[in-house]
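Below is one structure, written out as structure tokens, with a few remarks after it.
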Amino acid sequence: MQRTCTLCSGSMKLGEGHALFTAECSHSFHFQCIASYVKNGNQICPICQAKWNDIPFQSPTSDHSHKRARINPVDWPQLNASEPGVFNDDDPLASKPELPSNSTSNIDAADNKSIIKSIDIKTYPEVSAVQRSTSQENFTLLINLKAHVTNSDQSNNAHKSQTSRAPIDLVTVLDVSGSMKGTKIELLKTAMGFVIENLGPSDRLSVIAFSSTAQRLFPLRQMTDSGRQHALQAVKSLFAGGGTNILEGLKKGARVIEDRREMNPVCSIMLLSDGKDSKRDRSHLQQNLRLRIPVHTFGFGADHDPVLLYSISEACSGTFSFIEAEGVIQDAFAQCIGGLLSVVVQDLQVQVQAVHPDLRLGQIKTGSYSTRLINNNRTGFIDVGDLYADEERDFLVLVNVPVVVGEDSSNETKLVNVWCAYKDPCSKETMTTEAKEVKIQRPDIVEEEWVVVSMEVDRQRNRLQAAEAMAESRAAAERGDLSSAWTIIESCRRGLSESASSRAGDQLCIALDAELKEVRARMEDMQIYEASGRAYVLSGMSSHSGQRASARADSTDSTGFVNVYRTSSMVDMVTRSQTSMPDRHHPW
């Protein structure tokens, strides 16, 4: 006989004064727990999903006050209840956010008076000087952006910092197919328990469980004490069985966000799956993925579908994480919510404006961020989106440096101005930074020290080259040409080792080389590549293209080479995860 009740985790030893109920499927529970469970219309076993024909009935006047005190059941989620046609039954917000007073969709530095400094802008020319009598094509400028860390971001307590950070509407879409049985489903419950406990009372959470079909466990609910208790019990009731319909789960999760009556400033979807999508028709994949909702995907174990999960994350401005070791799923979730709970900038757009009349902008290298050039290539835009506190973004802009002609006596050339516009997630106001001017010296004779390539520019070139090598080697591996994949990787590693920043001992270059070495090892043969190499390299591509941390393989050490984009908030949350409980496999 079972020793504990699955619904409340209380003891079911005989003689302890609790009435017990044994269903026709042979699973047993406290009678009081089952009475509360079926009162909400549930008629399936929370353990094996068997449909019950005989269910207990309890009179509302029953008095159990003489019974021994134990954990009382809460309102159990209606796991088999019909869902509404529209998911507009979300909890009201803790307090309505103020409407924007001067919101604008485009950057206008002259008219926007809301000048603040929540973002630092730094710029670096490739070299500090170019000879007056010469021109230079494809001259590289580096734009570095860094979001400030607020006092709330430095706090380790999500609830205490709630008043000064932007609250979130979070939807977790969880694979509960048959392959999740056993340890996997228990680890998933553990990880979700950690997420729930670290959301604040103004945050709202909804959970979607999918197997052959998808089901919403509960609507967007405030994570107050009672909301967290309800969410924990709902997650606890999850069981594994059935096929894997990832897109159905994602679509239902998106509906929760799209149909909500009220909106917290930040929203996101976290999608975890450990299997291949059993619904093979992907003809409508792209139209289903045109969501204006960030989706962070997690591939769990060796049998998930990394190509699909990567495609979803790329289409939805999220990240793809590869969780190779089952035991680190909670740390992967912790890193993700550490970022989501520290959003300080939204709808960030960078504008680059040519200053010199003969200067034109060329290629803008941004990874996965969209760019556009207008005004005869004299104006460029980069659409960045959200930034977490302490996050950085680096973009390379190629320009032409014109000859200094005529009687121009100036010893410098002003190249471009750079500024940013973004939305403050708490006030909803559109802010604009002060313009940052980029200029270089134009002497008659260039001294040797002036033509030394900027270390900052060099290291970002290395980052982009490493990311390109990963993508190219992956393409070769997909063709079955592992020899070419190895050649691409080793060629890139040689180039990195010969760069100025690498010779100076730059930590990013060291990390990139170590990562490329790991990619090479996971392409040793096709069997290894199929088992873990594909997922590993796709997770790396996701991280580097968006310049945002993703979990990769089983590395959760904060000193690991896969953590070059990890912020202080992410580190704090992962540390909290790793020290949260002595027995992380059995939180219930």
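Using the C-alpha atoms of the stretch 298-356, what convex hull volume per residue, in cubic angstrom, is computed? Display every interim value, and only then the final one.
Values: hull volume 7.5 nm³, N = 59.
Considering the Cα atoms of the stretch 298-356, their hull volume per residue is 127 Å³.
Give the separation of the Cα centroids, the stretch 166-222 to the stretch 119-152, in Å.
Between the Cα centre of the stretch 166-222 and that of the stretch 119-152, the gap is 42 Å.
For the stretch 505-554 and the stretch 294-366, compute the distance between their C-alpha centroids and round to whole Å.
Centre-to-centre (Cα) distance: 15 Å.
With θ set to phi - 60° and the Karplus curve 6.51 cos²θ - 1.76 cosθ + 1.60, what are the ³J(HN,Hα) couplings of the stretch 451-468 in order, to the nearest whole Hz, using x for Gly and Pro?
Each residue of the stretch 451-468 in turn: 9, 6, 5, 4, 4, 5, 5, 4, 5, 6, 4, 4, 4, 5, 5, 5, 5, 5 Hz.
Arrange the peptides 360-367, 268-275, 541-548, 139-146 so that the one whose residues have, on average, the most other Cβ atoms within 10 Å appears first.
Details: 360-367: 18.5, 268-275: 25.1, 541-548: 22.6, 139-146: 20.6.
Highest-to-lowest ranking by the protection proxy: 268-275, 541-548, 139-146, 360-367.
Among the aspartates and glutamates, which fall within straight-line cross-link reach of LYS122, defined as a Cα-Cα distance under 16 Å, with same-chain neighbours fewer than 8 residues apart omitted?
Once the sequence-local aspartates and glutamates are set aside, what remains near LYS122 is ASP390, GLU391, GLU392, ASP394, GLU434, GLU437, GLU456, ASP458.
Which pairs in the list LYS184/LYS252; LYS13/LYS181; LYS189/LYS428; LYS276/LYS365; LYS236/LYS428 are over 31 Å apart, alpha-carbon to alpha-carbon? All intermediate terms of the calculation are to be shown ahead of the outcome.
Working: LYS184/LYS252 23 Å; LYS13/LYS181 26 Å; LYS189/LYS428 35 Å; LYS276/LYS365 34 Å; LYS236/LYS428 37 Å.
The pairs that break the limit, which is 31 Å between Cα atoms, are LYS189/LYS428; LYS276/LYS365; LYS236/LYS428.
Ranked highest first by average number of other Cβ atoms within 10 Å, how do 295-306, 392-403 line up?
Ranked from most to least packed, the peptides come out as 295-306, 392-403.
List every residue whose amide H lies under 5 Å from the amide H of ILE44, counting only residues 5 or more places away in sequence or on a different chain, with H placed 1.01 Å from N in the peptide plane.
Here TRP52 satisfy the definition.
Using θ = phi - 60° and the Karplus relation 6.51 cos²θ - 1.76 cosθ + 1.60, list the HN-Hα couplings for the stretch 293-303 in order, rounded to whole Hz, with x at every Gly or Pro.
Each residue's phi maps through the Karplus curve to give 10, x, 10, 9, 9, 9, x, 10, x, 8, 10 Hz.
Once label points are set 7 Å from the Cα along Cα→Cβ at both GLU392 and GLU437, what is their separation, rounded to one decimal in nm?
2.6
Computed from the coordinates by the stated procedures, all read-outs in this text should not be read as laboratory data. Computed from a predicted model, the values in this text were never measured in an experiment. Positions of Cβ are backbone-derived with ideal geometry, glycine not excepted, and every protein chain shown enters the neighbour counts.
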